[in-house]
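Engineer: What follows is a single structure, and I will ask about it in a moment.
Computed from the coordinates by the stated procedures, all read-outs in this text should not be read as laboratory data. Here the structure is a predicted model, which means the values were calculated and not measured. Heads up, the Cβs are rebuilt from the backbone with ideal geometry, glycines too, and the neighbour counts pull from every protein chain shown.
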Amino acid sequence: MATDRVVLVTGGNRGIGRAIAERFVSEGYRVAVTARSGDGPMGTLTVRADVTDAAAVDAAFREVEAALGPVEIVVANAGITKDTLLMRMSEEDFDSVVATNLGGAFRVVKRASKGMLRARWGRVILISSVVGLLGSAGQVNYAASKSGLVGFARSLTRELGGRGITANVVAPGFIETDMTAELPEETQAEYKRSIPAGRFATPDEVAGVVTWLASEDAAYISGAVIPVDGGLGMGH
Ligand code: NDP
């Protein structure tokens, strides 16, 4: 069903966020992306925002609201890694990852919820990771931030579920983006051996699940964790 609802995707200038923005555009949505650098794909409105800065997030929302109207679907996608073993992990390594991945989602979703409550309709989609529930050596900060999103979505579902608002988590496995390109080739090969599908996914394979969660077909799905991981995390 065609729709022209307003979507905001954080970190829509590259990787998974960019693919999500492209999918929404192709399905007829009015799409804005936040970017710290670069621009979103063709057909999107790009606004500048660092998700660790609440004032910048608020300014970005004002710009989107003025140009497109209230945000009805928000995709908290912006994320970073700072991998190292716990013994070597600095306070800064921990805090910056949590402030971006979990705190960023908090700032963006809190700001979006105002308009959604007024409209009594909304879709909150949080991009987590398979490692949020599986765990991963060297990623205490990242995994903690990503599993935090599950408690976030489920609490939000209990707060706002009666107002036509759903909140879900998408948990990708290994996706071909800059984030995984940083991994050494041997590590990539090792991961591929452990994934039942035997391969990494394309960003578009995540994007299709996100647009489906935003659709009317997914109106009764909330507080769910949807894996897009080729079977890597089975048992979540
Ligand atoms: P990329 O590294 O390719 O892109 C990350 C995006 O997040 C960029 O747009 C980046 O903006 C943005 N970003 C980072 N920090 C901030 C910030 N403080 N404020 C605003 N934007 C910020 O990552 P992916 O596309 O691979 O990952 C997207 C999401 O998917 C992340 O949350 C990641 O954890 C998750 N994920 C990725 C997986 C993978 O295999 N790739 C697997 C599972 C989950 P800029 O260009 O300005 O740096």
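Engineer: Report, to two decimal places, the Cα Rg of the chain normalised by 2.2 N^0.38 Å (N = number of residues).
Structural biologist: Ratio of Rg to 2.2 N^0.38 Å for the chain: 0.96.
Engineer: Three principal axis extents, largest first, for the C-alpha atoms of segment 89-150, in Å?
Structural biologist: Sorted largest first, the three principal extents are 43, 23, 10 Å.
Engineer: Now, a different point. If you take all C-alpha pairs in segment 1-89, what percent of them are over 22 Å apart?
Structural biologist: It works out to 26 percent of all Cα pairs.
Engineer: Using modelled backbone amide H atoms (1.01 Å from N, in-plane), which distant-in-sequence or interchain residues come within less than 5 Å of Trp121's amide H?
Structural biologist: none
Engineer: To continue, here is another question. Give me the net charge for the shell around Gly104: Cβ to Cβ below 14 angstrom, other residues only, Lys and Arg +1, Asp and Glu -1.
Structural biologist: Around Gly104, the charge tally is +1.
Engineer: What is the chain's relative contact order, in percent, from Cα pairs under 8 angstrom and six or more apart in sequence?
Structural biologist: Reported as a whole number, the value is 19 percent.
Engineer: Also: For the chain, what are the DSSP H helices with axial Cα length of 18 Å or more and mean Kyte-Doolittle hydropathy of at least -0.5?
Structural biologist: Taking the DSSP H segments of the chain (at least 18 Å long, mean hydropathy at least -0.5), we get 54-68, 103-119, 140-160.
Engineer: Could you give the distance between the Cα centres of segment 110-133 and segment 25-50, to the whole Å?
Structural biologist: After rounding, the separation between the Cα centres reads 17 Å.
Engineer: Please identify the chymotrypsin sites (Phe, Trp or Tyr not before Pro) of segment 169-236 that satisfy two criteria: DSSP loop assignment and at most 16 other Cβ atoms within 10 Å. Which are they?
Structural biologist: In loop regions of segment 169-236 (DSSP not H, G, I, E or B), the sparsely surrounded chymotrypsin sites (Phe, Trp or Tyr not before Pro) are Tyr220.
Engineer: Show that you can apply the helix-only estimate: for the chain, add -39,500 (n - 2.57) for every DSSP H stretch of four or more residues, divide by all residues, and state [θ] at 222 nm to the nearest 500.
Structural biologist: So the calculated ellipticity at 222 nm is -14000 deg cm²/dmol.
Engineer: Then there is this: May I ask for the net charge around Arg48, where only other residues with Cβ less than 14 Å from the Cβ of Arg48 are counted and Lys, Arg are +1 while Asp, Glu are -1?
Structural biologist: -3
Engineer: Further question on the same structure: By its C-alpha gyration tensor, with a ≥ b ≥ c as the square roots of the eigenvalues, how is segment 1-53 shaped: rounded for a/c under 1.5, else prolate for a/b larger than b/c, else oblate?
Structural biologist: prolate
Engineer: If one computes P(r) from the Cα atoms of segment 129-236, what percent of pairs lie at distances over 20 Å?
Structural biologist: For segment 129-236, the fraction of Cα-Cα distances above 20 Å is 44 percent.
Engineer: Hey, another quick one. Considering the Cα positions of segment 164-216, please state its Rg to one decimal place and its Dmax as a whole number of Å.
Structural biologist: 13.9, 46
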